[in-house]
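Let me begin by presenting the structure, written as structure tokens, before commenting on it.
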Number of protein chains: 2
Amino acid sequence: MMRIALDAMGSDTCPVPDVAGAVLAAREYKDTIILVGDEPRIRAELAKHETSGLSLEVVHASEAVTMEDKASTVGKLKPESSMHVGMNLVKNTQADAFVTAGNTGAALSIATLYTLKRIKGVKRPSLSTVITLNGHSIICADVGANADCKPDWMLQFAIMSSAYARFAFKIDNPRVALLANGEEESKGNELIRESAHLIEASDLNFVGNVEPKDLFKGSVDVVVADGFVGNILIKTMEASTSTLVQVIRQEMMADLPSKLGGLLAKPAFRRVRKAIDPFEIGGAPLLGVDGVVIIGHGRSNANAIKNAIRQARTAVQGNLIAAIREGVSSTAAAASEEL
Amino acid sequence: MMRIALDAMGSDTCPVPDVAGAVLAAREYKDTIILVGDEPRIRAELAKHETSGLSLEVVHASEAVTMEDKASTVGKLKPESSMHVGMNLVKNTQADAFVTAGNTGAALSIATLYTLKRIKGVKRPSLSTVITLNGHSIICADVGANADCKPDWMLQFAIMSSAYARFAFKIDNPRVALLANGEEESKGNELIRESAHLIEASDLNFVGNVEPKDLFKGSVDVVVADGFVGNILIKTMEASTSTLVQVIRQEMMADLPSKLGGLLAKPAFRRVRKAIDPFEIGGAPLLGVDGVVIIGHGRSNANAIKNAIRQARTAVQGNLIAAIREGVSSTAAAASEEL
């Protein structure tokens, strides 16, 4: 049976949705969920739920990372945070994975520098996220861990995300693309053109450059960008769709027939909302650190927490860490043979 | 009276929408529109319209740029293209501005290297576009002219786009921001952080870094990005909204009440479509070349062509070229004083 550590102090309204999500996950997956954080607050929250027969444990942590904490200093300033404690449970094999809906930058630096550290050979961990829109799912990396990247880091993002796509999407040979301003080989910036050469020379299933519109067409499984561009990509998608939804809502209220039409079309809008709901997926795996870490959205509700836990268990079942270790080391071996 | 040269061979379905747009503009604005391109085809197309009393001229060009032509070679390979001929009309003061819905890269290289050339002191021209969504308009630069940029180019994009925003939006002191992965000063990549220092030290109204969601809030007038990121930004906006519209359309057809609701809500959807219609604006000015050049969308219809012509006349009336010349030279003067 799997043991998954959850940061109870992670989400914006913690520990309410975090604890509720843990209860949902313990019930649905029959795993042990270890709630990490302020023990009295967690116990008080747990008391509000029906937990008999569920495997829920609590591990106390005297500090909590907030959204205001700086990624560069929090690892040093708050060594007893629930993130430290939870990640160390994974490091010491007391848990199989760690899930948090907390500060992404802090999780990255605590994982990389203070607790789990990088898998041997990994140059930079990448934050990879699953984008789903119009029925297609794509893994996008890096979406924010590294603002300035080198081509060999981009190659590793591709390798690690392919390893993740293999079991997350249950496919053998994920199609990998680079995000660019045009499909032609001459397009892209310098980083993209140099990364394309490296990925092309690897044994990944590289399909070339794609533009944003191609991401919605189902022709790609993994799209690689530097952490600055990837972050702009997912934030632009989110802002565009939520703004459009808002415009539609306003216009539907502006005249009587439209208002009535909106009432009748409620089932359709409910399906649309579900199709574009970022919480349906859960969280983003932090790839390249030596342990499964899933980072959820700060605005996660209980269901989103449960889904992030589901992602964590899929990653453990799929043996993500071993797959990344193998992918990174075999590419490194191939590269040194070429020299 | 103004004289505006229009590339009749520009749009994807040229010369049909191009000529129709010219007729609409000549009627509405009472300007002289000079149609540049294959004279027999233009005359044949013009014959389908009621043009009496309108000031329409035709200037023959024996070649036309296509979407397949490479930006790097087309200037040399097709020296008699309608783009060359039209831009030279501006250069020789036979026209006040040039408008095309043709190949953007080709227009950029023909303008910069073969005809109008850069305004003195301009390091790189930028393609600036007006984004309108949710009632707010923003000028975004660069959206594709320069994939790899330097901080001093970014400063000039900000200067040139501010000059454009001043009369396009009729505001005195446009608020300028840099597009980044977070609002904090520590966010951004190296290029953004260095550009922020330069723009901060200039006399522009710099409001700092913004994230994609801030673009829809009306708190910024000009947003600066390198041409790679700016291109990804606008293409992601376009792809996200059009995909969402498609998802909504599918779901509205999937059950009977929703279908009926969709029929009733038609007026609302018409308003939504207008609010997110890229053709409402017209085109993107190519800033930094020594003459007013507006580049429209290849899929432009007659109305989009007319709107691009309107943009061109606004730029001429606002004395865009003089404003850019002054902005660029005064910043250069300030920088050399600091040395």
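Read the figures in this text as sums done on the coordinates, not as results from a lab. Since this is a predicted model, take the numbers as computed values, not measurements. Here the Cβ is made from the backbone with ideal geometry for all residues, glycine too, and neighbour counts use every protein chain on show.
Look at the stretch B:211-218: the mean tally of other chain Cβ atoms within 10 Å of its residues' Cβ atoms is 5. Sorting A:Leu233, B:Leu77 from the fewest to the most surrounding beta carbons within 10 angstrom yields B:Leu77, A:Leu233. When only alpha carbons are used to place a centre, the range A:284-332 and the range B:93-132 end up 47 Å from one another. Shape call for chain B from the C-alpha gyration tensor, a ≥ b ≥ c root eigenvalues: rounded (a/c under 1.5), prolate (a/b greater than b/c) or oblate? Because a/c hits 1.5 or more and a/b fails to exceed b/c, chain B counts as oblate.
Couplings for the range A:32-39, taken from phi via the Karplus curve 6.51 cos²θ - 1.76 cosθ + 1.60 with θ = phi - 60°, read 8, 10, 9, 7, 10, x, 5, 4 Hz in order; Gly and Pro are left as x.
Reported to the nearest whole Å, the Cα centre-to-centre distance from the range A:1-61 to the range A:207-283 is 31. Close amide H contacts of B:Ile119 (hydrogens built in the peptide plane, cut-off under 5 Å, sequence separation of 5 or more or a different chain): B:Val289, B:Asp290. For the range A:128-278, the number of Lys pairs separated by eight or more positions or lying on different chains, with C-alpha atoms closer than 26 Å, is 16. Computed from the Cβ-Cβ distance with R0 of 45 Å, the FRET efficiency linking B:Asp152 to A:His60 stands at 0.25. Scalar couplings 3J(HN,Hα) for the range A:62-69, obtained by applying the Karplus form with A = 6.51, B = -1.76, C = 1.60 to θ = phi - 60°, are 7, 10, 9, 7, 10, 5, 7, 5 Hz; x denotes Gly and Pro.
Under 5 Å from the amide H of A:Arg175 lie the amide H atoms of A:Asp221, A:Val222, each residue being 5 or more positions distant or on a separate chain, with H modelled from the backbone and absent for Pro and chain starts. Taking every DSSP helix (H) stretch of at least 4 residues in chain B, weighting each as -39,500 (n - 2.57) and dividing the sum by the residue count yields a mean residue ellipticity at 222 nm of -14500 deg cm²/dmol.
3J(HN,Hα) along the range A:218-231: x, 9, 9, 9, 10, 10, 10, 8, 6, x, 6, 5, x, 5 Hz, from the Karplus curve 6.51 cos²θ - 1.76 cosθ + 1.60 with θ = phi - 60°, whole Hz, x for Gly and Pro.
Counting neighbouring beta carbons within 10 Å and listing from fewest to most, the residues A:Tyr164, A:Tyr114 come out as A:Tyr114, A:Tyr164.
Taking the Cβ of each residue in A:Lys78, A:Lys70 as the centre, tally the other Cβ atoms inside 10 Å and list the residues starting with the fewest.
Ranking A:Lys78, A:Lys70 by Cβ neighbours within 10 Å, fewest first, gives A:Lys70, A:Lys78.
Sorted shortest first, the distances from the B:Met1 label point to those of the same residue in the other copies are 8.8 nm; each point sits 7 Å from Cα along Cα-to-Cβ. Summary for A:Ser219: label point 7 Å along Cα→Cβ; distances to the equivalent points in the other copies, ascending, 3.8 nm.
Can you compute the FRET efficiency between B:Ser219 and B:Glu194 using 1/(1 + (r/R0)^6), with r the Cβ-Cβ distance and R0 = 22 Å? Round to the nearest 0.05.
0.40
Remark: label point of B:Val16 defined 7 Å out from Cα along the Cα-Cβ vector; separations to the same position in other copies 5.8 nm, ascending.
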